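The values are calculated or read from the model by the stated rules, or taken from the named source; none is laboratory data. Here the structure is a predicted model, which is why all the values come from computation and not from measurement. For neighbour counting, all protein chains shown are included, and Cβ atoms are generated from backbone atoms with ideal geometry for every residue, glycine included. In case anyone asks, the SASA skips ligands and DNA or RNA and just uses the protein heavy atoms, side chains included. Shrake-Rupley method; radii C 1.70, N 1.55, O 1.52, S 1.80 Å.
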Amino acid sequence: MKKSFVKISICISLLFMAVSAAYSQTVPKKVAEGNEEWRYLQKAKDAFVANDFGGAIQLAEKAKEIRRQDAEWKEYTLESSLKKARVVRAGDELDRVVSVLKSLQLRETLNTVNFFTERYGLEFFNNSYSKIFEFISTYSHYPEADYLLGKIYAVQGENTVALKFLQDAYEYSINLNVPMEKIDLLYDLAFLSQDLGNDNDYETYLLLVAENNTFFRDSRYMDSLLRITNSGKKDSVEKFFILYRCEKDNSLKSFIELAEFYIERGESEKALKCYALASVISITKIESVLLDRVNEYEYTTFDDALRQCRKFPDVVKWGNENKIWELFCKFADASVSAGKISFGTNLYKVLSEAEPEDYWQLYAKNKLDVAKTSD
């Protein structure tokens, strides 16, 4: 037991000493209060909004430089603690190390440990002191700054350079202060890849957004969703829109874009799957809005929900801007293309009578007329 403990202590010491030797002998400087990276990032964002692209780039790069300085300082505080024999003897279990740090009053080291555990969580580091040390190389990257730099270069038409910055931001997205910003980053990566003619990456990035939706990953849920479109019953459309709900609306755009992508490729089943879930997300959002807007509102039918939307110009505008009214028509198109003729035709019928946007109402009416002629 004693030999094992000594062995672990020696290994930990050697690990930290090896990493420490790779750095300069100069003691890193702590980032001064008022000079934090986020302050320079905000200045960079302000410059970007003011179309001062050169200034924005310099400030964003300065923000990245300060993040690296902060990482070096935090690493130094951890290295310094290992000069204390009691810290080394405490082993690698973070709880035990923290207890020793407190007794030795190593405040800067404790500040570093608390910073990482509060930001990323204790479980993220598996209660390991050395894991925090190892993570600092990742922390030294500032994805928000890289994301901004990507936007700046994209606006200037430097798409290849922009893509590299966005990819760097995504690689270190674990450091994002607002985790959900990762979704916006993936959308920008997708559309930039599309502009560069890389359809495979465009699909990949959109799927990463889509897979953030737990319902999309649930095969039983999706199978159940699509099973209704196979029904030849007249009430199948109303049944579809009353049985299912999904509040993950930040993935809505990914399903619409993927569906259009698959339609162009002739992959009707994949398109139908995406249109179906996008329609569920949309009706969930619509119901939520109507509950706030209409006194004592209660969802009854898809037809009624659409007619209610007509009463609110801003809701109709929202539906146009987010391709919602088009989505419902394309869902009907995809259903027909995938051989779900009855479901698609019944959906056309509802849309031809209740679509909030006149253009898409007429679109559905014309499609319904064609379907009736075919019969």
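Checking the condition under 20 Å from K43 (Cα atoms) and open to solvent by 40 Å² or more (accessible area, probe 1.4 Å), which residue from K151, K131, K164 passes?
K151
If Y297 passes every condition in (1) outside any loop (DSSP other than H, G, I, E, B); (2) more than 23 Å from S251 (Cβ to Cβ); (3) open to solvent by less than 30 Å² (accessible area, probe 1.4 Å) but one, which one does it miss?
Against the list (1) outside any loop (DSSP other than H, G, I, E, B); (2) more than 23 Å from S251 (Cβ to Cβ); (3) open to solvent by less than 30 Å² (accessible area, probe 1.4 Å), Y297 comes up short only on (1).
Only residues that are touching a residue at least 60 places away in the same chain (Cβ under 8 Å) and open to solvent by 70 Å² or more (accessible area, probe 1.4 Å): list them for the stretch 57-91, please.
If the condition is that a residue be touching a residue at least 60 places away in the same chain (Cβ under 8 Å) and open to solvent by 70 Å² or more (accessible area, probe 1.4 Å), then R68, E72, R89 are the ones that fit.
What are the residue pairs meeting all of these: first residue in the stretch 106-133, first residue more than 14 Å from K74 (Cα to Cα) and of a type in the set (A, V, I, L, M, F, W, C), second residue modelled with pLDDT of 95 or more and surrounded by fewer than 16 Cβ atoms within 10 Å (Cβ to Cβ), Cβ atoms under 8 Å, and 6 or more apart or on different chains?
Final answer for the pair search is F125/K131.
If D146 passes every condition in (1) crowded, with 19+ Cβ neighbours inside 10 Å; (2) charged (D, E, K, R); (3) farther than 30 Å from E79 by Cβ but one, which one does it miss?
Just one mismatch for D146, condition (3).
Restricted to the stretch 310-344, and to residues that are among the polar types (S, T, N, Q) and more than 14 Å from E260 (Cβ to Cβ), which residue is most open to solvent (accessible area, probe 1.4 Å)?
Filtering first and then ranking leaves N320.
Considering only the stretch 99-113, state which residues are charged (D, E, K, R) and over 16 Å from V27 (Cβ atoms).
K102, R107
Looking only at the stretch 169-195, which residues are open to solvent by less than 40 Å² (accessible area, probe 1.4 Å) and closer than 22 Å to E36 by Cα?
A169, S173, N175, L176
Scan the stretch 327-369 for residues that are within 17 Å of K273 (Cβ to Cβ) and assigned to a loop (DSSP other than H, G, I, E, B) and report the count.
The number of residues fulfilling the criteria is 3.
Of all residues being closer than 25 Å to Y139 by Cβ and of a type in the set (S, T, N, Q) in the stretch 28-56, which is farthest from the chain's Cα centre (by Cα)? Just the residue, please.
Once the filter is applied, the top-ranked residue is N35.
Out of the residues in the stretch 179-216 that are of a type in the set (V, I, T) and at pLDDT 95 or above, state the one that is nearest to Y153 (Cα to Cα).
Within the stretch 179-216, the match that is nearest to Y153 (Cα to Cα) is I183.
For the stretch 196-245, give me each residue that is surrounded by 12 or more Cβ atoms within 10 Å (Cβ to Cβ) and β-branched (V, I, T).
Those that are surrounded by 12 or more Cβ atoms within 10 Å (Cβ to Cβ) and β-branched (V, I, T): T204, V209, I228, T229, V237, I242.
Is it the case that some residue within the stretch 271-281 is crowded, with 20+ Cβ neighbours inside 10 Å, in contact with a Leu (Cβ under 6 Å, 6 or more places away or on another chain), under 18 Å from G339 (Cα atoms) and modelled with pLDDT of 95 or more?
Yes; the residues of the stretch 271-281 include at least one that is crowded, with 20+ Cβ neighbours inside 10 Å, in contact with a Leu (Cβ under 6 Å, 6 or more places away or on another chain), under 18 Å from G339 (Cα atoms) and modelled with pLDDT of 95 or more.
With the requirement that a residue be in contact with a helix residue (DSSP H, G or I) (Cβ under 7 Å, 6 or more places away or on another chain) and closer than 21 Å to A47 by Cα, what does the stretch 178-194 give you?
Within the stretch 178-194, L185, D188 meet the criteria.
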